[in-house]
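The values are calculated or read from the model by the stated rules, or taken from the named source; none is laboratory data. Computed from a predicted model, the values in this text were never measured in an experiment. Cβ coordinates were reconstructed from backbone atoms using ideal geometry, including for glycine residues, and neighbour counts include every protein chain displayed.
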Amino acid sequence: MATIGQVIFRIMIAIIIILVAAIALIIGIGVSGQDSSSVVANDAVGEIGEDVILGCTFPAAVKDSPNILWEKVGVNGYVYKYENDAAVLSGQNAGFKGRTSLFLNQLTSGNASLRLSNLELSDAGDYKCTVTNSNGNGVGKLTLKVGGECE
């Protein structure tokens, strides 16, 4: 027969295990709703006058197509915006007009990469790729370096 001390010890151990499980569940629920770390952007290097791909990938969602926003840090207006299955270019920065596009046929597989055409020296800098879909909202950051042709 167990003593009163042993019974209290076992009850306390059971309470501790239940509390640890509850904390783990709460943390798991909190982390599952945040996909900010799941958007991956890759630094890029390009040559003046050429095209460059600013890579950005995300976990694809079966339920809906994503909304994508490309921004350059320190520049007014956005680089490219895709919302409700269409490009929204009314607020696009004038320096990027006619030079940007997504790979629309690859959005469903999680590719939000941006093609930037006719690269200019002023395109160098830090960019953000923000993706929103039924999985959540995430941001990827990258740096674009631009150089001239070496002979």
Given the conditions (1) of a type in the set (Gly, Ala, Ser); (2) under 15 Å from Ala44 (Cα atoms); (3) modelled with pLDDT of 95 or more, every one holds for Ser101 apart from (2)
Across segment 55-66, what is the number of residues that are within 11 Å of the chain's Cα centre (by Cα) and of a type in the set (S, T, N, Q)?
1
Heads up, the strands (runs of 3 or more DSSP E) in segment 52-151 (entirely inside) with at least 1 residues that are surrounded by fewer than 17 Cβ atoms within 10 Å (Cβ to Cβ) and charged (D, E, K, R) are 80-83, 114-116, 125-133, 136-147
